[in-house]
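What follows is one structure encoded as structure tokens, with my remarks underneath.
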Amino acid sequence: MDKLGRVSLAEPPGDWPVWGTESADWVPSADSFAPRSRRLLEGGPYQAAVPPEIAEARYGTDAATAGLVAEASAEIARFDGEAGATTAPLAALLLRTEAASSSQIELLTASSKAIAAAELGRTGRPGADRIVANVQAMRAAVDLAEQ
């Protein structure tokens, strides 16, 4: 923590495992639509990120950080108590937006109209149907986490 009370997340605490790298070779897919000469230029060595194994790691914080976490938790609880009902539509919108964004990463796309129709039960558009299924899965995961 610096003099202004800000916590730096750039450095892992104590003996917390850090990310590593390993050398690997990129080999473009032969199924690519790019010309062979282009594919040959795109391949080559690179540094792949290797995440640390943290399942068994113990994480500890100093007293100042623990105090900030407790203060933030209390503020979140206060906000939920005061504005929880009015932010419910926002939560649904954020959930739908996150699921749609995740779907785009998976190369699934659909118009908002198609997604709305799929939410109302009009199936038949594979992209919209899968996006709605993603939203439902995310909603079920959030509901399960809240139990």
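The values are calculated or read from the model by the stated rules, or taken from the named source; none is laboratory data. The structure presented is a predicted model; accordingly, all values stated were derived computationally and were not measured. Counting neighbours? That spans all protein chains shown, and the Cβs are built from the backbone with ideal geometry, glycine included. The area values use the complete protein model at the heavy-atom level, side chains included, leaving out ligands, DNA and RNA. Shrake-Rupley method; radii C 1.70, N 1.55, O 1.52, S 1.80 Å.
Remarks
- Some residue of segment 68-81 being surrounded by 11 or more Cβ atoms within 10 Å (Cβ to Cβ) and assigned to a loop (DSSP other than H, G, I, E, B): no
- Test for ARG130: is it free of Cβ contacts under 8 Å to residues at least 40 places away in the same chain, out of contact with any helix residue (DSSP H, G or I) (no Cβ under 7 Å at 6 or more places or on another chain), among the basic types (Lys, Arg) and open to solvent by 50 Å² or more (accessible area, probe 1.4 Å): no
- Selection count where residues are over 24 Å from the mean Cα position of the chain (by Cα), over 17 Å from TRP16 (Cα atoms) and either among the aromatic types (Phe, Trp, Tyr) or open to solvent by 60 Å² or more (accessible area, probe 1.4 Å) (or both), scope segment 30-67: 13
- Criterion violated by PRO12 - all others in (1) assigned to a helix (DSSP H, G or I); (2) at pLDDT below 75; (3) open to solvent by less than 80 Å² (accessible area, probe 1.4 Å); (4) over 30 Å from ILE131 (Cα atoms) satisfied: (1)
- Residue list for segment 115-127, filter: farther than 18 Å from GLU98 by Cβ and in contact with a helix residue (DSSP H, G or I) (Cβ under 8 Å, 6 or more places away or on another chain): ALA117, THR123, ARG125
- The residues listed here are ILE76, ILE105; of these, the one that is among the β-branched types (Val, Ile, Thr) and either touching a Pro at 6+ places or on another chain (Cβ under 8 Å) or at pLDDT 80 or above (or both) is ILE76.
- Enumeration of residues in segment 82-125 that are in contact (Cβ under 8 Å) with a residue 12 or more places away in the chain, part of a helix (DSSP H, G or I) and exposed (fewer than 14 other Cβ atoms within 10 Å of the Cβ): GLU98
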